[in-house]
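Asker: Just passing along the structure, written as structure tokens.
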Amino acid sequence: MTLKHLPPTFCWTRTGSESGEDLPTVVLQKEWERRLGGGRFLWGINQSLGSSAHIAAHRTGSLLALFSPMSGKPRPVERMREDVLLWNAWVDSSGQVRQLPPHAFIVSRATLPSGRRRERHYALVCSSPTDLSIGSRLRIYPEHLRSVSTGKPLGPVQGTVVVDCTARAGELSGKSYPMAVSVELEAPYFVRLAQPSLLKARDFAEINKASRDGDFEGFIDLVRRSRNRPSAERMRGFTRDLFDMLAPSEPMVAFGTVSHGQVSYV
């Protein structure tokens, strides 16, 4: 999706290197998931959006998610060798646990910065009719953003938040972040994830290597094998209502490479 200007209201996500994944690798993985999901895919986030996404979507008629790389130093190499959590299910509005599609690949660190075990993780419900790509001339200025849910300026550690922009394009100033990726959010806009299983660091590294090598078939095979392993919670349901699988006549395979921060296909 190509934007010429920032929307007045949007969901902004500052993405770091979650468990050692770099942004081009994540975007390529999401592009493969998008193609297998008929244009839909999930993007993991660390916190709930509460009612803010529903409020914004009701007010504007639609809601875009804009992704920016997190500023700061890269994670130390030793942290990239940690085991991670692989999330296998989501919770619907009635509290029923539903299985994610077998190609969905959402991971998080197994522990919080405090050292406590991570028990909650969430995901944006994303949609894009076109291939995902990295790069835009647009920049996002946090000083001119206000939280939809509180009306207050953003805190320094907020990773994902639905915001209103309070200034016009020519009035923006201060510290800014590049907008790397933009997609549309679909109802229910975000979901709480469930049934995490432990993914060993060596297996996670193998999946990331397949992505960096542009090995679509290898990536999908490794993800499906990892997803078939027992989770820490009991499975209680199954649905595909978030993701309509592609019809047999539609293409299922895309081979990609990451070069200079861009995703390309051959």
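Asker: With each pseudo-label sitting 7 Å past Cα toward Cβ, what's the residue 118-residue 192 distance in nm, one decimal?
Answerer: According to this spin-label approximation, the distance is 1.7 nm.
Asker: I've got another one for you. What does the net charge come to around residue 9 if you take all other residues with beta carbon closer than 12 Å to its beta carbon, with K and R at +1 and D and E at -1?
Answerer: On the way: positive: 59, 146; negative: 164.
Neighbour charge sum, excluding residue 9 itself: +1.
Asker: Here's a follow-up. Could you give the nm distance between label points at residue 60 and residue 149, where each point is 7 Å from its Cα heading toward the beta carbon?
Answerer: Going by the 7 Å Cα→Cβ label model, 1.7 nm.
Asker: Shifting gears a bit: Counting other C-beta atoms within 10 Å, which of 27, 223 has the fewest, and how do the rest follow? Walk me through the numbers on the way to the answer.
Answerer: On the way: 27 26, 223 21.
The fewest-first ordering by Cβ neighbours comes to 223, 27.
Asker: For residue 167 and residue 93, what does the FRET efficiency come to when R0 = 35 Å and r is the distance between their Cβ atoms, rounded to the nearest 0.05?
Answerer: The calculated FRET efficiency here is 0.50.
Asker: Distance between Cα centroids, the stretch 38-66 to the stretch 198-228: provide it in whole Å.
Answerer: Cα centres, the stretch 38-66 to the stretch 198-228: 27 Å.
Asker: At residue 175 and residue 225, where each label point lies 7 Å from the Cα along Cα→Cβ, what is the point-to-point distance in nanometres?
Answerer: Output for this residue pair reads 4.3 nm.
Asker: Per-residue counts of other Cβ atoms within 10 Å, averaged by peptide: what ranking do you get for 137-145, 159-167, 85-93, highest first?
Answerer: 85-93, 159-167, 137-145
Asker: Could you tell me whether the stretch 33-144 comes out rounded, prolate or oblate from its Cα gyration tensor? Rule is a ≥ b ≥ c as square roots of the eigenvalues, rounded for a/c under 1.5, then prolate if a/b exceeds b/c, otherwise oblate.
Answerer: rounded
Asker: Based on the mean of other Cβ atoms within 10 Å per residue, sort peptides 188-199, 115-126, 29-40 so the most packed one is first.
Answerer: 29-40, 188-199, 115-126
Where a number appears in this text, it was derived from the coordinates with a stated rule and is not lab data. None of these values were measured; they are calculated from a predicted model. With ideal geometry, Cβ positions are generated from the backbone for all residues, glycine too; neighbour counts draw on all protein chains shown.
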